[in-house]
């Protein structure tokens with residue numbers, strides 16, 4: 001049988017700056033192989049002032065869709081806000097784009113990925129729990145909606161800028177009311193005490209800080225999750241372990257959000273367990289770290 005026509009391969013990409021470190025091409029290649037999808041997925045850098053031009057050129061060249069990483073998620077949302085999912089509208093940020101005969105559309109799969117990792121891989125139910133989300137920037141905004149939909153009893157958003165946290169909570173207030181979730185903002189230095197799950201979506205990891213919140217935020221045995229992975233997450237994870245918490249990095253979220261994007265594009269959700277296990281087995285056994293630059297979002 002002759003090999004497939006390379007021109008017929010559906011093309012996808014992750015677009016960001018920087019993006020050469022991205023694990024997404026390997027993840028999507030594994031998904032495609034496992035599900036029999038004929039596609040190619042590349043890492044595509046964009047100039048800081050040239051995101052829209054890069055995406056439009058990729059589409060003009062036959063691309064079918066793309067993931068978006070730092071620092072372009074807000075710009076990605078603005079590019080196709082007219083056909084944004086509720087998740088993307090509430091976050092005002094998008095990490096997944098596609099286009100069809102009706103135009104461009106966008107979604108944000110980060111929160112779905114986080115919830116899936118917590119509930120499937122960490123085996124922790126969010127329903128009825130007290131959850132602290134640290135950070136109200138792009139990362140925090142991207143995960144808040146799906147966290148609410150998981151129905152915790154209480155969800156507190158702590159942020160250095162109180163106004164930003166309050167605005168984010170206000171935008172999500174109707175969703176929280178529909179799901180019976182007590183949602184409110186709090187300052188970083190007094191977020192509350194004894195949370196079951198603490199999620200670090202702040203930029204503190206980028207500076208190597210251990211934690212932006214006091215240790216009293218953790219109940220004994222709490223789950224502490226950093227959305228970063230590799231060296232960027234080490235400080236927070238060490239801090240969590242030192243205070244008796246279960247520490248988890250963002251690698252599982254990375255794989256799960258990719259699976260959600262894959263499903264949106266291809267109509268099939270791949271099995272994430274083998275891919276996550278393969279990534280975990282690639283840990284540097286000497287340092288216990290995944291090779292990724294600080295701030296790597298995917």
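The values are calculated or read from the model by the stated rules, or taken from the named source; none is laboratory data. Predicted model, so just to flag it, every value in this text is computed and none were measured. When we count neighbours, we look across all protein chains shown, and the Cβ atoms used for this are built from the backbone with ideal geometry, even at glycine.
Only a single criterion out of (1) surrounded by fewer than 24 Cβ atoms within 10 Å (Cβ to Cβ); (2) modelled with pLDDT of 95 or more is not satisfied by residue 148, namely (1).
Criterion first (at negative phi, in contact with a helix residue (DSSP H, G or I) (Cβ under 7 Å, 6 or more places away or on another chain) and not in a helix (DSSP H, G or I)) does residue 172 satisfy it? For residue 172, the condition - at negative phi, in contact with a helix residue (DSSP H, G or I) (Cβ under 7 Å, 6 or more places away or on another chain) and not in a helix (DSSP H, G or I) - is not met.
Checked against the criteria, residue 140 counts as within 15 Å of the chain's Cα centre (by Cα) and either outside any loop (DSSP other than H, G, I, E, B) or surrounded by fewer than 17 Cβ atoms within 10 Å (Cβ to Cβ) (or both). When 241, 178, 164, 219 are checked against the criterion of being over 18 Å from the mean Cα position of the chain (by Cα), within 21 Å of residue 71 (Cβ to Cβ), surrounded by fewer than 24 Cβ atoms within 10 Å (Cβ to Cβ) and in the same structural domain as residue 117 (by TED's automatic domain parsing), 164 stands alone in meeting it.
A quick yes/no check of all residues on (1) outside the structural domain of residue 167 (by TED's automatic domain parsing); (2) buried (at least 18 other Cβ atoms within 10 Å of the Cβ); (3) within 24 Å of residue 229 (Cβ to Cβ); (4) in contact with a helix residue (DSSP H, G or I) (Cβ under 9 Å, 6 or more places away or on another chain):
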site: 29; (1), (2), (3), (4): yes, no, yes, no
site: 35; (1), (2), (3), (4): yes, no, no, yes
site: 41; (1), (2), (3), (4): yes, yes, yes, yes
site: 76; (1), (2), (3), (4): yes, yes, yes, yes
site: 82; (1), (2), (3), (4): yes, no, no, no
site: 97; (1), (2), (3), (4): yes, yes, yes, yes
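So that you can scan it fast, the table gives a plain yes or no per residue for (1) more than 18 Å from residue 123 (Cα to Cα); (2) in contact (Cβ under 8 Å) with a residue 12 or more places away in the chain; (3) crowded, with 24+ Cβ neighbours inside 10 Å; (4) more than 22 Å from the chain's Cα centre (by Cα):
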residue: 204; (1), (2), (3), (4): yes, yes, no, no
residue: 214; (1), (2), (3), (4): yes, yes, no, yes
residue: 232; (1), (2), (3), (4): yes, yes, yes, no
residue: 235; (1), (2), (3), (4): yes, yes, no, no
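Would region 277-294 turn up any residue that is under 18 Å from residue 68 (Cβ atoms), surrounded by fewer than 17 Cβ atoms within 10 Å (Cβ to Cβ) and modelled with pLDDT under 95? Scanning region 277-294, I find at least one residue that is under 18 Å from residue 68 (Cβ atoms), surrounded by fewer than 17 Cβ atoms within 10 Å (Cβ to Cβ) and modelled with pLDDT under 95, so the answer is yes. For region 252-268, taking the residues that are in contact with a helix residue (DSSP H, G or I) (Cβ under 6 Å, 6 or more places away or on another chain) and surrounded by 14 or more Cβ atoms within 10 Å (Cβ to Cβ), the one that is nearest to residue 9 (Cα to Cα) is identified as 262.
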